[in-house]
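Below you'll find the structure, written out as structure tokens, and then a few comments.
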Amino acid sequence: MDRIEKCRRNPAGTGKRKGAAPSRQGQNDSRCPDRKSQRSREGCREQRDRQDHRQIERAGKGETGNGIEEMNYFNDISFVTYGITDWVENTACGRRFEGYYGIQYVFDGEIFAHVNENPVEIAEGPVVFITYPGVSFSYGSRPGMQRRQAHICFKGERVKRYLKSGLLQLRERDLFIRITANEPFMQAVRSLQKNLRIPGNSQHARAVLLLEELLLQLQEQSPGRVNSSSQYIRQLHSLREKIADTPYLPWDFEKEAEKLSVSYVHFRRIFRQVTGWSPGQYLLECRLRHAEKLLMTSHLRISEISNECGFEDEFHFSRIFKKHRAMSPSRLRALYGMQE
């Protein structure tokens, strides 16, 4: 463009002083460069016109050269406000969140909260509670207490899907969700807020995905009504991971209840609250997933896989597998297993 503008300001010519009478030979010499320069300028203008015309056509069709910047898949949700505060002691009385929802994440310190006229609840961080329209929230720190808190507020049509599917759950009681895996949750919060600080469709899309990751983590960490002061949460999460790592062991859940000094009935109840499964169901699911992995990634015989996964025998394994996976082990291997 600079070169084109320079051509416009100083068109090519003879270079002689104004009014000078060139010789005939000079006229012949200057006329050719003038015609070439003019054709060059006209060619540049035609090229720019063609480019502009193509861009207008593509814009009319919703096409551009950068697919990410024009992507609108995530445009059905927007972020209202977000932030992280250190050691605040403020309180909100009867606050309403009309038109938007929020993840209120207290990662250190104590907080109280209640909805409408429901009883006051108190919890020690890290905990999360969800704010939403249609009710009033009162929350904050008691006198002399402080807390560290992050918040992410959002709205849009996509939120209706979150609510309908159960990914986002609204509570008027049992407000607090205990964050047992605090480090990955905080990392997702910081990454989300970092993306929101940078304009652009790509950053917005990543922020939406991180929001959904946070909502999923809330489901995984507290799929039921778990008391925020439960003393068994950490032990049960540890037990859950051990079962997933070694599903082939002969697990005895009555003995696991004894280790926690609780009755087996109470153990079953709190195990379901933490994992979403009864102990037996969870163990079976872990064994089936381990069997799927071996069927797809090894050449072990089905009888060997049955033994590796803790089942009584091949017949029992095949019957249970088909009941829960709607196909036999041999069929799954034929479809997804390693090729010979």
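The values are calculated or read from the model by the stated rules, or taken from the named source; none is laboratory data. Owing to the predicted nature of the structure, the values given are computational and were not obtained by experimental measurement. Cβ sites come from the backbone with ideal geometry, for glycine too, and all protein chains shown count toward neighbours.
The C-beta contact set for segment 95-117 (first residue more than 20 Å from Thr85 (Cβ to Cβ), second residue part of a strand (DSSP E or B), distance under 7 angstrom, 6+ apart or interchain) comprises Arg96/Ser136; Gly99/Lys155; His114/Glu121; His114/Ser138; Val115/Phe137; Asn116/Ser136. Of all the criteria given as (1) in a helix (DSSP H, G or I); (2) over 32 Å from the mean Cα position of the chain (by Cα), the one not satisfied by Gly310 is (1). Considering only residues in segment 150-197 that are of a type in the set (Val, Ile, Thr) and touching a helix residue (DSSP H, G or I) at 6+ places or on another chain (Cβ under 9 Å), the one that is nearest to Gln273 (Cα to Cα) turns out to be Ile177. Considering segment 179-216, and only residues there that are under 17 Å from the mean Cα position of the chain (by Cα) and polar (S, T, N, Q), the residue that is surrounded by the fewest Cβ atoms within 10 Å (Cβ to Cβ) turns out to be Gln187.
Residues checked against (1) more than 29 Å from Phe74 (Cα to Cα); (2) modelled with pLDDT of 95 or more:
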| residue | (1), (2) |
| --- | --- |
| Val115 | yes, yes |
| Pro126 | yes, no |
| Tyr132 | no, yes |
| Gly144 | yes, no |
| His151 | no, yes |
| Phe154 | no, yes |
| Arg161 | no, yes |
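In segment 96-117, of all residues being acidic (Asp, Glu) and not in a loop (DSSP other than H, G, I, E, B), the one that is farthest from Arg234 (Cα to Cα) corresponds to Glu110.
Within segment 245-262, if we keep just the residues that are under 23 Å from Cys309 (Cβ atoms) and without any contact (Cβ under 8 Å) to a residue 60 or more places away in the chain, the residue that is nearest to the chain's Cα centre (by Cα) turns out to be Asp245.
Looking at the structure I just gave you, is Ser202 part of a helix (DSSP H, G or I), at pLDDT below 95 and either touching a Cys at 6+ places or on another chain (Cβ under 9 Å) or not hydrophobic (A, V, I, L, M, F, W, C) (or both)? So Ser202 passes the test. Take Tyr232 and decide whether it is touching an Asp or Glu at 6+ places or on another chain (Cβ under 6 Å) and either crowded, with 16+ Cβ neighbours inside 10 Å or not assigned by TED's automatic domain parsing to the domain that holds Gly125 (or both). So Tyr232 does not fit the description; no. If only residues of segment 263-306 that are surrounded by 13 or more Cβ atoms within 10 Å (Cβ to Cβ), at pLDDT 90 or above and not in a helix (DSSP H, G or I) are counted, the one that is farthest from the chain's Cα centre (by Cα) is Leu300.
Every residue, every condition in (1) buried (at least 18 other Cβ atoms within 10 Å of the Cβ); (2) farther than 22 Å from Leu209 by Cβ; (3) in the same structural domain as Leu210 (by TED's automatic domain parsing), yes or no:
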site: Gln104; (1), (2), (3): yes, no, yes
site: Asn116; (1), (2), (3): no, yes, yes
site: Arg147; (1), (2), (3): yes, yes, yes
site: Lys155; (1), (2), (3): no, no, yes
site: Lys160; (1), (2), (3): no, no, yes
site: Glu172; (1), (2), (3): no, yes, yes
site: Ile177; (1), (2), (3): yes, no, yes
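Inside segment 307-329, residues that are free of Cβ contacts under 8 Å to residues at least 24 places away in the same chain, at positive phi and surrounded by 14 or more Cβ atoms within 10 Å (Cβ to Cβ) make up a count of 0. If only residues of segment 118-136 that are among the hydrophobic types (A, V, I, L, M, F, W, C) and in a strand (DSSP E or B) are counted, the one that is surrounded by the fewest Cβ atoms within 10 Å (Cβ to Cβ) is Ile122.
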